[in-house]
1. Based on the alpha-carbon set only, what is the convex hull volume of segment B:293-473 divided per residue, in Å³?
2. Report the charge-dipole magnitude of segment B:91-282 in Debye, nearest 20, computed about the Cα centre from +1 at each Lys and Arg Cβ and -1 at each Asp and Glu Cβ.
3. Based on the alpha-carbon gyration tensor of segment B:1-84 and its eigenvalue square roots a ≥ b ≥ c, which shape applies: rounded if a/c is under 1.5, prolate if not and a/b is larger than b/c, or oblate?
4. Please give the charge dipole size of the protein assembly as shown, origin at the Cα centre, charges +1 on K and R Cβ atoms and -1 on D and E Cβ atoms. Round to the nearest 20 debye.
5. Please list, or write none, the aspartates and glutamates whose alpha carbon is within less than 16 Å of the alpha carbon of A:Lys23, excluding same-chain residues fewer than 8 places away.
6. Relative contact order, percent, of segment A:24-95 when contacts are C-alpha pairs under 8 Å separated by at least 6 residues?
7. Applying 1/(1 + (r/R0)^6) with R0 = 22 Å to the Cβ-Cβ distance of B:Ile300 and B:Glu348, what FRET efficiency is obtained, to the nearest 0.05?
8. For chain B, what is the relative contact order in percent, using Cα pairs closer than 8 Å and at least 6 residues apart in sequence?
Amino acid sequence: MSFISLLWVLLLGSLLGLELIGKVPPTLHTPLMSGANAISGITMLAALTLIVKADGNLPLLIIGSVSLGFALFNVVGGFFVTDRMLAMFSRKPSNKK
Amino acid sequence: MNLPVIIKFIIDLLAVLLLALGIKGLSKVKSARDANRLAAFAMSLSVIGLLSFYLGTSGVTIQSWIWIIIGSIIGSLLGAILAKKVPMTSMPETVALFNGCGGMSSLLVALGVAIFPISNSLENVDFFKSLINEVSISVSIFVGAITFTGSIVAMAKLQGWLSTPGWTQSKGRHFVNIVFAVASLIAFFDLINGNTSSIWLLVVVSSLLGIGVTLPIGGADMPVVISLLNSYSGIAAAAAGFVVDSQLLIVAGAMVGAAGLILTQVMCKGMNRSLVSVLFGGSLSAQSTTSSGSGEYTNITSCSVEECALTLEAANKVIIVPGYGLAVAQAQHTLREVTKKLEQNGIEVVYAIHPVAGRMPGHMNVLLAEADVPYEQLKEMDVVNPDFPATDVVLVLGANDVVNPQAKNDSSSPLYGMPVLDVQEARTVFVIKRGMSAGYSGIKNDLFDLPNTSMVFGDAKKVLNDLIGELKDLGVGEK
């Protein structure tokens, strides 16, 4: 990948992000923040790359593994907690009298 | 292009598409839960894509697998346990903690690559390429460290482990932070000049900068800060994407970064604060001590739970204004019991939700939903404000600044212009509150002085429990 095309990717990704959420009801601010936060744990892919390419270098393997742990903590925890919050909204219709 | 490359390309493309749909879906109530799962699925897909790519090309050694498994099991397990155990009231600090760890991950990746150059990045040293690499490593470390320490400070402040030290409210803090920022810049240029050891300086000063910037910010503004730090962690991820040459990381990171900025902006609007004043203004209470806000109360009426119950029994329409105090006392379930009794007596009950009620925008909705309050009874501020004049009783539960009439009447008040609930229009207002202490803003609440306002002092949960007892004695809600 050339640097220039990576910059294009960055630019288009940012524009996409700006467009994605226009109007958010205040109800969803917290879950949305938490969900987006889980997605930012995508650095787990970078940590994986680091481990795979470490080539037997032990310190690098450890750094990669710790980094992967942090990222997955963010991803798994983030999605679970968001789901827990949202479950409370979606269960409403069934309980309604 | 060989097969593994093509497969990874397709999977990545699909993952980006699903992530984008996920973020979009999360901004609508109906689709939010599915959207969250969709995003989670996209994330797993991206991992499968990456691993199958390496399996199909360079292969993955047993040793790598071991470290991958160790890292993922520990991280996922801890994350899942925390997510299941944490009470709903502590959501803001939980999100802050998760967010900080994401930043830490980006920082570690960049650090690892910087100390031990891996194949395909730093080795084929054409000058331009290595420059890009060093820049992206520095950005990743800088933003990652700020995200980490900033989030941890935010979490500690929300948990009450850290208060706002006095010196951080002085002008001197800007000087300190500027020193940290300049030091980061120096470390950055030193790093580009080929002095690898200055990377540690960069780590230290950017960590300090994260602390220095977050520490002076008051509790009321913390949600905005967490949202902003969430945006930063996206930027850190995108920077890490440049470090390891991953388009997927760049797209996803940029998306979260940009969406986080928008969300931050939306939150600021709801709180009538500008981002600049949140970041550099210090805590709101510190500014307002000198202004008109800190007057004495002259006309406080306090009343007993019994009186409150009697008034409620005679009412036709009741509006509940839940706030931070309710969240802290974890009294949402008790509140629901009270309103159930009232409803059984034929009294119309509605909840007025200020955009920033609770500890974070939307937090109150989550808490009330947890207590099984029907979604239709939650009314947003603009919808409910015209209803107050026709309302018999308003119960203000641990809310303060969001019901302060100063925001409408007193142009010299720091709150002036903030959208508030017009509770004083109702016939009777009961304010359930622990004491006369001020709200987040530290500003006197004119509402408490009004003749139609009565204070019921006590912890929200205890008062509501007493209220249930009184209502029972009155025969309210008994069939």
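Bear in mind these aren't lab numbers, they're just calculated from the coordinates by the rules spelled out. Note that the structure is predicted; figures quoted are calculated from it, not measured. Neighbour counts run over all protein chains shown; Cβ positions are idealised from the backbone, glycine included.
1. So the per-residue hull volume is 101 Å³.
2. So the magnitude is around 640 debye.
3. oblate
4. Charge dipole, the protein assembly as shown, about its Cα centre: 740 debye, nearest 20.
5. Output for A:Lys23: B:Glu380, B:Asp382.
6. Here the relative contact order equals 42 percent.
7. Once rounded, the FRET efficiency stands at 0.15.
8. In percent, rounded to a whole number, it is 13.
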